[in-house]
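Here is the structure we will look at, set down as structure tokens.
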Amino acid sequence: MEASFTQGANRTVRRMSLSGLGKLTAGALAGVAALLGYLQVGLLGGFDPMMSGIAAAALIMAGVVAVGWRWAPLLGTLVFGALLALLGLIGSEIVYVLAHPGGAMFTFIVVALPVLLIGLVASIAAVVQNYRSAERRTPSWLPAALLAVVGLVAGALAVGAIPQAGSPAGVSPDALAALPAVTLDKFANGQIHVKAGESVALRLENPDGIDHAFVVDELSVSAPMPAGKHSLAFFKPTKPGTYTFYCTPHYNKATGEGMHGTLIVDP
């Protein structure tokens with residue numbers, strides 16, 4: 001169904017009833033706004049002017065798409081494409097987050113990626129359908145595909161809810177608080193001293209809105225540091241020596257740049 005109205009001197013702007021793909025595009029834009037709100041409140045602990053502006057723009061664009069102009073879904077294409085490109089710039093960090101389930105950032109990435117990809121495909125398809133198809137039917141495979149995506153996301157979130165290695169699950173808050181702390185400032189060329197032959201338990205503190213990790217390759221230590229949480233590193237060094245501890249993926253082994261420090265195992 002199509003409607004039109006006159007604007008200015010003999011200019012006709014055509015509006016159409018919103019198709020299934022158009023509704024999906026508008027919903028994905030609203031989802032982007034909600035995700036950016038979650039990112040700011042749940043992970044960053046405050047509102048960022050740029051992110052808030054993008055969220056507001058996404059909501060406005062969702063409304064424009066809902067009006068029914070043929071070209072409007074292209075606005076969604078721009079938003080989804082730009083955000084996917086930005087995520088591509090931190091691809092190594094995303095891979096690390098997905099490989100270490102759990103934490104708020106894992107939840108954000110697991111939900112955000114499908115929303116952006118679905119929105120990108122739906123917005124492009126909606127524009128093509130608006131200009132080339134009179135019936136503009138919802139593809140028969142779309143409901144099943146969306147259901148499959150929802151199932152995959154739910155499964156990933158369920159996996160993320162399982163306590164991971166390095167989680168302080170089973171350790172009382174008092175016991176965790178009594179352990180030596182490794183704070184993020186230690187990753188700025190700081191030092192940690194431990195004793196050879198003794199079991200070492202460290203409380204890893206991460207107040208950041210993004211995940212970090214405590215990794216020592218030579219000692220086979222790899223403890224995740226979920227965003228905004230305390231975690232635990234437990235290991236037993238057997239030989240005295242000096243080792244580099246670092247954060248994956250915020251450290252470049254080739255150049256030695258990034259978050260790292262020195263672990264000194266004393267005799």
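The values are calculated or read from the model by the stated rules, or taken from the named source; none is laboratory data. The structure displayed is predicted, hence computed values, not measured ones. Here the Cβ positions follow ideal geometry from the backbone for every residue, glycine too, while neighbour counts run over all protein chains shown. For accessibility, only protein heavy atoms count, side chains too; no ligands or nucleic acids. Shrake-Rupley method; radii C 1.70, N 1.55, O 1.52, S 1.80 Å.
Of the listed requirements (1) out of contact with any helix residue (DSSP H, G or I) (no Cβ under 8 Å at 6 or more places or on another chain); (2) over 29 Å from residue 46 (Cα atoms); (3) of a type in the set (A, V, I, L, M), residue 188 misses just one: (2).
Whenever a residue of segment 236-260 is of a type in the set (A, V, I, L, M, F, W, C), its partners that are open to solvent by 30 Å² or more (accessible area, probe 1.4 Å), lying with C-beta atoms within less than 6 angstrom and at least six residues away or across chains, give the pairs 247/259; 259/250; 259/251. If the condition is being over 19 Å from residue 44 (Cβ atoms) and either open to solvent by 40 Å² or more (accessible area, probe 1.4 Å) or touching a helix residue (DSSP H, G or I) at 6+ places or on another chain (Cβ under 8 Å) (or both), then segment 250-261 contributes 251, 252, 253, 254, 255, 257, 258, 260, 261.
Here is the figure for segment 89-137: residues that are over 30 Å from residue 223 (Cβ atoms), touching a residue at least 12 places away in the same chain (Cβ under 8 Å), part of a loop (DSSP other than H, G, I, E, B) and open to solvent by less than 70 Å² (accessible area, probe 1.4 Å) total 1. If you scan segment 194-244, which residues turn out to be assigned to a loop (DSSP other than H, G, I, E, B) and either within 19 Å of residue 100 (Cα to Cα) or open to solvent by less than 10 Å² (accessible area, probe 1.4 Å) (or both)? Those that are assigned to a loop (DSSP other than H, G, I, E, B) and either within 19 Å of residue 100 (Cα to Cα) or open to solvent by less than 10 Å² (accessible area, probe 1.4 Å) (or both): 207, 208, 209, 210, 211, 220, 226, 227, 228, 237. Screening the candidates 95, 128 for the property of being in contact with a strand residue (DSSP E or B) (Cβ under 9 Å, 6 or more places away or on another chain), at negative phi and of a type in the set (Val, Ile, Thr) yields one hit, 95. Looking at the structure I just gave you, is residue 38 open to solvent by 60 Å² or more (accessible area, probe 1.4 Å), assigned to a helix (DSSP H, G or I), modelled with pLDDT under 90 and closer than 30 Å to residue 227 by Cα? Here the answer is yes, as residue 38 does meet what is asked.
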